[in-house]
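Student: Got a structure here, written out as structure tokens. Questions coming.
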Amino acid sequence: EYNIYGHDEL
Amino acid sequence: MNIFRLTGDLSHLAAIIILLLKIWKSRSCAGISGKSQILFAIVFTARYLDLLTSFISVYNTSMKVIYIGCAYATVYLIYAKFRATYDGNHDSFRVEFLVVPVGGLAVLINHTFSPLEILWTFSIYLESVAILPQLFMISKTGEAETITTHYLFCLGMYRTLYLFNWVWRFYFEGFFDMIAIVAGLVQTVLYCDFFYLYVTKVLKGKKLSLPA
């Protein structure tokens with residue numbers, strides 16, 4: 001599932 | 001955070017530091033594509049604009065700041081401080097052939113049609129091909145300094161380790177981001193030829209030189 005809270009990777 | 005992501009990030013950091021130190025210690029950016037470094041500075045700038053809008057962790061924020069800072073420092077060293085050593089004649093890749101299609105693709109295929117999200121997508125697509133001017137330069141001159149190959153190896157390993165990270169996250173967190181995964185695969189594939197040369201030549205103590 002695409003993370004709707006934003007991108008947590010670099 | 002899993003071990004693949006952490007080692008991927010550290011590999012990325014190592015690549016950036018190796019390049020900066022190589023240029024700083026040798027007082028020269030010979031053999032380095034300034035165009036690739038400008039593209040990486042654009043990649044980090046477009047992707048990390050979320051520094052201003054969302055906080056994820058101290059680790060996340062500090063790495064982003066370090067990556068951006070180092071990217072601009074590298075561009076400064078190449079185009080200002082050690083400009084005399086920059087080999088512009090061999091750095092002849094036409095970057096508009098990358099930036100324009102990648103920009104179009106980011107507008108067409110993204111998760112959400114919003115400015116920040118399109119810029120994030122643009123940065124992901126652009127990163128996957130940003131190393132091409134550097135690889136093109138090496139294929140043109142036919143050789144690379146060993147320290148430059150260490151830089152490229154660390155940079156290639158970073159996205160390869162991220163692929164394992166995404167497999168991990170899919171199994172253990174049910175998380176997947178198709179845009180990042182496809183772009184990451186493309187990015188890793190671009191390094192395969194180089195990985196082969198690195199293992200068969202550089203690791204055996206030979207300089208990386210291509211047959212004429």
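We did not get these values from a lab; they are worked out from the coordinates using the rules stated. In this text, all values refer to a predicted model and were calculated from it rather than measured experimentally. So basically every Cβ, Gly included, is an ideal-geometry build from the backbone, and we count neighbours across all protein chains shown.
Student: In which sequence would B:I109, B:I179, B:I16 go, from the one with the fewest C-beta neighbours within 10 Å to the one with the most?
Tutor: On the way: B:I109 12, B:I179 19, B:I16 23.
Listing B:I109, B:I179, B:I16 from fewest to most nearby Cβ atoms yields B:I109, B:I179, B:I16.
Student: Further question on the same structure: For B:K201, which lysines qualify as cross-link partners when the Cα separation must be under 23 Å and same-chain residues fewer than eight apart are set aside?
Tutor: Once the sequence-local lysines are set aside, what remains near B:K201 is B:K22, B:K140.
Student: Relative to the compact globular guide of 2.2 N^0.38 Å, what is the alpha carbon radius of gyration of chain B, as a ratio? Walk me through the numbers before you get to the answer.
Tutor: Working: Rg = 17.1 Å, N = 212, 2.2 N^0.38 = 16.8 Å.
Dividing the Cα radius of gyration by 2.2 N^0.38 Å gives 1.02.
Student: Next question. At 0.890 mPa s and 25 °C, plugging the Kirkwood radius over alpha-carbon pairs of the range B:2-120 into Stokes-Einstein gives what diffusion coefficient in µm²/s? Before the final figure, lay out each step's value.
Tutor: Details: Rh = 16.0 Å.
Stokes-Einstein gives a translational diffusion coefficient of 154 µm²/s.
Student: For the protein assembly as shown, what is the calculated [θ] at 222 nm in deg cm²/dmol (nearest 500), taking -39500 (n - 2.57) for each run of four or more DSSP H residues and dividing by its residue count?
Tutor: Values: 8 runs with 146 residues, N = 222.
Result for the protein assembly as shown, helices only: -22500 deg cm²/dmol.
Student: Can you give the relative contact order of the range B:1-140 as a percent, counting alpha carbon pairs under 8 Å and 6+ residues apart? Spell out each step's value before the answer.
Tutor: Numbers: 139 pairs, mean separation 49.8, N = 140.
Normalised by residue count, the contact order of the range B:1-140 is 36 percent.
Student: Additional query: What are the DSSP H helices in chain B that stretch 15 Å or more along their long axis, judged by alpha-carbon atoms, and whose average Kyte-Doolittle hydropathy comes to at least 0.0? Mind showing how you got there, number by number?
Tutor: Details: long enough: B:3-26 (33 Å, 1.21); B:34-47 (20 Å, 0.89); B:58-76 (27 Å, 0.76); B:96-108 (18 Å, 2.07); B:115-129 (22 Å, 0.95); B:146-173 (39 Å, 0.36); B:178-200 (33 Å, 1.66).
Span-like helices, by this rule, are B:3-26, B:34-47, B:58-76, B:96-108, B:115-129, B:146-173, B:178-200.
Student: Report relative contact order for the range B:83-212 in percent, whole number only (criteria: Cα-Cα under 8 Å, sequence separation at least 6). Walk me through the numbers before you get to the answer.
Tutor: Values: 98 pairs, mean separation 37.1, N = 130.
Computed over the range B:83-212, the figure is 29 percent.
Student: With labels modelled as points extended 7 Å from the Cα through the Cβ direction, what inter-label distance (nm, one decimal) is found for B:L52 paired with B:K25?
Tutor: 3.7 nm
Student: Give the residues of the range B:1-22 whose amide nitrogen is closer than 20 Å to a point set 7 Å from the Cα of B:S62 in the direction of its Cβ.
Tutor: In the range B:1-22, the label zone of B:S62 (backbone N under 20 Å from the point 7 Å along Cα→Cβ) covers B:1-18.
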